[in-house]
Amino acid sequence: MSVDDYLDLLNYAKAINDGQWQADIIDHLKKLNTASPAETTEQSVKELWIQFDDINAILMDLFSKLRESGDLVEQYRWKEKIWELKLERINISKKIQNRFIRI
């Protein structure tokens, strides 16, 4: 993953107020210059899977909130967030395919 990709993810982590994910991304940016190209590729694929899993966990939480909520304004906001996360998950899936599966 490029530095730009990490910065985009960092901005997204800030937008959803995920402090742990922000810290992880910052750590990966610090380590980015020290790894060999083969290690970086393997590591980036693992990180993409971690991000994919993180998005799935957030989606599960949002779907749960959506089912339990009666407030239409909150439901609308959560539906918008769900769509954003689904699009992000699609982008991550494409990156995994390009780097790992080579489709």
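If the requirement is being over 10 Å from the mean Cα position of the chain (by Cα) and modelled with pLDDT of 90 or more, which of these qualifies: Lys30, Lys79?
Lys79
Which pairs turn up if I take residues in segment 4-16 that are within 21 Å of Trp78 (Cβ to Cβ) and outside any helix (DSSP H, G or I) and look for partners that are modelled with pLDDT of 80 or more and not aliphatic (A, V, I, L, M) with beta carbon separation below 9 Å, at least 6 apart in sequence or on another chain?
The qualifying pairs are Ile16/Lys81.
Considering only residues that are touching a residue at least 12 places away in the same chain (Cβ under 8 Å), among the β-branched types (Val, Ile, Thr) and over 19 Å from Tyr12 (Cβ atoms), which ones fall in segment 63-82?
Within segment 63-82, no residue meets the criteria.
Please find, among Ile50, Ile96, Ile92, Ile25, the residue that is modelled with pLDDT of 90 or more and surrounded by 15 or more Cβ atoms within 10 Å (Cβ to Cβ).
Ile92
Taking into account only those residues within segment 33-47 that are of a type in the set (Ser, Thr, Tyr) and closer than 11 Å to Ile96 by Cα, which is modelled with the highest pLDDT?
Result: Ser44.
The values are calculated or read from the model by the stated rules, or taken from the named source; none is laboratory data. Note that the coordinates shown come from a computational prediction; the quantities given were computed from them, not determined experimentally. We place every Cβ from the backbone using ideal geometry, glycine too, and count neighbours over all the protein chains shown.
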